[in-house]
1. When only residues in the range 34-72 that are part of a helix (DSSP H, G or I), touching a helix residue (DSSP H, G or I) at 6+ places or on another chain (Cβ under 7 Å) and near the ligand (Cβ under 10 Å from one of its atoms) count, which is most open to solvent (accessible area, probe 1.4 Å)?
2. Which residue out of GLY186, GLY170, GLY178, GLY146 is free of Cβ contacts under 8 Å to residues at least 12 places away in the same chain and more than 17 Å from ALA257 (Cβ to Cβ)?
3. Out of curiosity, is ALA157 crowded, with 20+ Cβ neighbours inside 10 Å and more than 14 Å from the ligand (Cβ to nearest atom)?
4. Look through ALA136, ALA103, ALA114, ALA121 and report the one residue that is more than 16 Å from LYS179 (Cα to Cα) and surrounded by 15 or more Cβ atoms within 10 Å (Cβ to Cβ).
5. Return yes or no: is ASN405 assigned to a loop (DSSP other than H, G, I, E, B) and over 24 Å from TYR214 (Cβ atoms)?
6. I'd like to verify a number: residues in the range 160-182 that are within 16 Å of the ligand (Cβ to nearest atom) and in contact with an Asp or Glu (Cβ under 8 Å, 6 or more places away or on another chain), how many?
7. How many residues does the range 114-149 hold that are among the polar types (S, T, N, Q) and within 15 Å of the ligand (Cβ to nearest atom)?
Amino acid sequence: MGLKVCKFGGTSMASAQTITAVANIINADEERRYVVVSAPGKRYSGDIKVTDLLYQCADEIEAGNLVAFKETFQKIRARFTSIETEIGKELHIEAGLDEAENAILNGAGRDYCASRGEFLAAKIMAAVLDVPFVDATEFVRFTPDGSLDEKTFEIAAEVLKEYPRAVIPGFYGLGVDGKVKTFSRGGGDISGSIVARSVMASLYENWTDVSGFYACDPRIVNSPKWIPELTYQELRELSYMGANVLHSESIFPVRSAGIPIRICNTFSPKDKGTYIVKNSTRDMRDYVVTGVAGKKGFTSITLEKSLMNSEVGFVEKVLSVIGRRKISFEHLPSGIDTMSLVIDNEYLKDNALEDLMAEMKAVAQPDKIYAHENIALVATVGHGMAKNVGTSARLFKALSQAGINVNMIDQGSSELNIIVGVENEDCADCIRAIYEEFLGGDENEVF
Ligand code: ASP
């Protein structure tokens, strides 16, 4: 018999009605033995996620505004107690809320505060299913620099072997200081992946509110094609570039163990969803491009220097400047006498760009240095492009016909993607042009 780990996102946990739907999904398959949950999310557009309210509480505590804190916490209390009332079962949620409120007031900290949505949601799910609750602080560990500690998997395997079934809160674990520490936003997906790897699941099901991945953002292309199967690598490229069905770091724990992920829809549970696998079962010759995704808000800094190609250590000098400033870069396209660094604008706020360029100029002494701001990166992703001659010719022809100016080109060495840099304002048109060229047509799935 297989063993499935199921992670349910915020919209699946948003109300008593959706929580009942989740319980039905779990009870319909006895292989679904470990359940990881997010905090209640939005019930309707314009609603506020519990995690957002909790971050607001943390801000109010930090600002010493107790009146505002009490008011915001009251909204969280109302959400959870209404779930309890509608479920019609004694879930002891008031006691959990009191404990959380007191701990926050007594200085438990920002991450503890943000984590309480998952904690209480898991308590509710455990009571509804009548399955033990196991806290994530029992096994998720972080390193001093805040990344996931590898010993997590061993501890989790030890802890969870005592429980044939369990409900576990996502999104957090224990920091080196012994306090609750959260992942980045959406990190419940990482928690699910950790549990799947630790119990060596046969499948990691990630239940959300869409029926899998689409070849492009539906806000950009109307009814884009559905992708039945993606490889881990394709997923990583697409989710990093803005396809936000799954947290981009959540594949790492399951990938090393070769555990497939299935994206499923809580609101349409019979849909097949998208399978994310190690090696594609599809014939690469049949499809060229799997998906297109884009992200705005980058800057490219270009350095030009005659005979750069024969100057030993030039690139090292440039990289030492960004290294010292703890700035990471996305791409490093280069020519004989030029190199560019593409950097996320998040690193370049408050004059940081001018300072950075001044230091690069002093350290590396280029003939010329200039920046191009407001760049969007668009990634065209698919293992098929390695087997299909003429892919880049088609791509650039489509962009030129759409009148889009390309500022930067980078093709990954694994021939899995072609990334182009365009003006922010051309981002959607660029995605549309590429989609139409490779994926346009009537069939509703990518081959
Ligand atoms: N509740 C957290 C968030 O809203 C984590 C998650 O849902 O995965 O980011």
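1. As a first pass, look at the range 34-72 and keep what is part of a helix (DSSP H, G or I): 50-62, 66-72.
Subset that is touching a helix residue (DSSP H, G or I) at 6+ places or on another chain (Cβ under 7 Å): 50-51, 53-58, 60-61, 68-69, 72.
Narrowing the set further to residues that are near the ligand (Cβ under 10 Å from one of its atoms) leaves 50-51, 54-55.
On the way: VAL50: 0, THR51: 14, LEU54: 3, TYR55: 42 Å².
By that ranking, first place goes to TYR55.
2. On the way: GLY186 fails: free of Cβ contacts under 8 Å to residues at least 12 places away in the same chain; GLY170 fails: free of Cβ contacts under 8 Å to residues at least 12 places away in the same chain; GLY146 fails: free of Cβ contacts under 8 Å to residues at least 12 places away in the same chain.
Going through GLY186, GLY170, GLY178, GLY146 in turn, just one is free of Cβ contacts under 8 Å to residues at least 12 places away in the same chain and more than 17 Å from ALA257 (Cβ to Cβ): GLY178.
3. Values: crowded, with 20+ Cβ neighbours inside 10 Å: no; more than 14 Å from the ligand (Cβ to nearest atom): yes.
Here the answer is no, as ALA157 does not meet what is asked.
4. Numbers: ALA136 fails: more than 16 Å from LYS179 (Cα to Cα); ALA103 fails: more than 16 Å from LYS179 (Cα to Cα); ALA114 fails: more than 16 Å from LYS179 (Cα to Cα).
Only one candidate passes the filter, namely ALA121.
5. Working: assigned to a loop (DSSP other than H, G, I, E, B): yes; over 24 Å from TYR214 (Cβ atoms): yes.
For ASN405, the condition - assigned to a loop (DSSP other than H, G, I, E, B) and over 24 Å from TYR214 (Cβ atoms) - is met.
6. Initial filter on the range 160-182 (within 16 Å of the ligand (Cβ to nearest atom)): 167-173, 180-182.
Now narrow it down to the ones that are in contact with an Asp or Glu (Cβ under 8 Å, 6 or more places away or on another chain): 168-172, 180-182.
Final tally of qualifying residues: 8.
7. Count: 1.
Quick grid of which residues meet (1) farther than 20 Å from ALA215 by Cα; (2) assigned to a helix (DSSP H, G or I); (3) open to solvent by less than 60 Å² (accessible area, probe 1.4 Å):
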| site | (1), (2), (3) |
| --- | --- |
| GLU346 | yes, yes, no |
| HIS372 | yes, no, no |
| VAL378 | no, no, yes |
| CYS430 | no, yes, yes |
| GLU437 | no, yes, no |
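The values are calculated or read from the model by the stated rules, or taken from the named source; none is laboratory data. Nothing here was measured: the structure is a model prediction, and the numbers come from that model. Methodologically, a virtual Cβ is constructed for each residue, glycine included, from the backbone with ideal geometry; neighbour enumeration extends over all protein chains shown. Areas reflect the complete protein model, heavy atoms only, side chains present, ligands, DNA and RNA absent. Shrake-Rupley method; radii C 1.70, N 1.55, O 1.52, S 1.80 Å.
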